[in-house]
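Beneath this line is the structure, given in structure tokens, with notes to follow.
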Amino acid sequence: MTDPKTQMSRDPLSDPVSNRRAAFLVAVIWFAGLGAAAQYGKISVTFDRLGALYPEAGTQLGLALSLVGSVGIVLGVIAGVLGARIGLRRCLIWGLGLGGVLSLAQAALLAGGAALEWLLIARVFEGLSHLAIVVAAPTLIARIAPPRWHGFVMTLWGTFFGVAFTLLAWFGLPLVDHAGLAALFVVHGLWMVGFALLLSLVTLPPSPHPVPELRLSGLLAHHLAIYRSPFVNAAAVGWLFYTFCFVSLLTLLPPTIPEEWRALTLGAMPLMSIVSAMTLGVYLLRYTTAVGVAVIGFVLTALVVLALTLWPGAPLLCLAMAFALGLVQGAGFTIVPQLNAAEGDRAAANGAMAQTGNLGNTLGTPVMLMIGAWAGYVGMMMLALLVLLAGALAHLGLARLRARA
């Protein structure tokens, strides 16, 4: 095994010129990743506008938000291995290109008044694009960045959902009000295609690890191996509980916020997550592990959710919830390189995160809507509280298993 210090000293990205190039490449991939987050955000932020276009959809409208994750649920782990096999750069470029074309097609469907079923079908195929991006991008960032940067750059990557939601709230909604819902989908499609073209023009450093084999006969065994490993599966398990709550709460809480504070609060909530991850989250990584930061975030968010049960829609509490969730968000992707040294294991871990994250995104909003219809606002918030506490307990349990390994 190579000594990490020796490896770092031979790292071609360790000199100042290469560091600038590494920073540029990380920034390009991060900006490209905003497009992947917007694949959820463009529906979540405009959910009420979409409902106005399809007033008869009812609870089926929730599928427009969650169906993009259906592919990831089935193929997440496979995508992690397949992405490493065919090349992560190629995987990222094709994912961006496919996502851009599909977003432009969805714009045409919305502008033409097509039936909701056509939009839902397009969202399923958009899941292939989303999966390719979220598997390839963080693994490439960990490859490009020197090891001493990993805490910061992986926390930065973890903010991509929050940044995308903020941009959509600040700029996307005014665009929709001015030019219609289809215009937002056009801008999103052009963003994706643009970064696909940009990444096709740059050269990324090759993988320092051997390419893993993918045998169809061993797919089930591969799944079991990943989820049996408390190192490879740690980020994915925590991500399941986080994603279940994140998109669903951002989608379902807004009607409870006083109308005069709603727009400002919704725009600031994702920003609070970003600030939390990049300040308190990075600071805490000096003194504890990424898993420790995630546990703190889960517990703090659960406490704020309890307070929101007593004071529904309180703007300051909504901001506090977003701040606490930011700790989980930022730490989630940092867990992967902290616990897994080989790029193959990192790609597998990111694939598992895509699988469980898409499962959480897919289930979160429909299940919360169902519980809300049955038990009201209090029941919905109690479910969120239990899910958040389960996330903290799952991380602590896996940490004990790693200590025994």
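Odds and ends about this structure:
- Reduced Cα scattering model of the range 66-128, Debye log10 I(q)/I(0), q = 0.11, 0.18 Å⁻¹: -0.30, -0.69
- Sequence ranges 247-260, 296-309, ranked by mean other-Cβ count within 10 angstrom, highest first: 296-309, 247-260
- When the chain is described by a simple charge dipole with +1 on each Lys and Arg Cβ and -1 on each Asp and Glu Cβ, the residue from V232, L131, W30 located farthest towards its positive end is V232.
- GNM result for the chain, Cα springs below 10 Å: residue of H395, H130, H222 fluctuating most strongly: H222
- Surface/4 of the Cα convex hull for the range 268-400, nm²: 8.4 nm²
- Cα shape, the range 66-185, gyration tensor, a/c 1.5 rule: oblate
- Length added when fully stretched, V378-A183, from 0.36 nm per residue minus Cα-Cα: 66.5 nm
- Across the chain, C-alpha contacts under 8 Å between residues 6 or more apart give a mean separation that, scaled by the residue count, equals a relative contact order of 26 percent.
- Taking the average, over residues, of other Cβ atoms within 10 Å as the packing measure, peptides 20-33, 138-151 rank 138-151, 20-33 from highest down.
- Span-like helix ranges in the chain, DSSP H, alpha carbon extent 24 angstrom or more, Kyte mean at least -1.0: 16-44, 88-111, 116-144, 181-201, 234-252, 259-276, 290-310, 315-339, 343-404
- When you count the other C-beta atoms within 10 angstrom of each residue and take the mean per peptide, 177-188, 311-322, 162-173 line up highest first as 162-173, 311-322, 177-188.
- Shape call, the range 353-405: gyration tensor on alpha carbons, a/c limit 1.5: oblate
Only the coordinates and a few stated rules stand behind these numbers; no lab work does. As the structure is a computational prediction, the values presented were derived from the model and not from experiment. Note: ideal-geometry Cβ built from the backbone for every residue, glycine included; neighbour counts use all protein chains shown.
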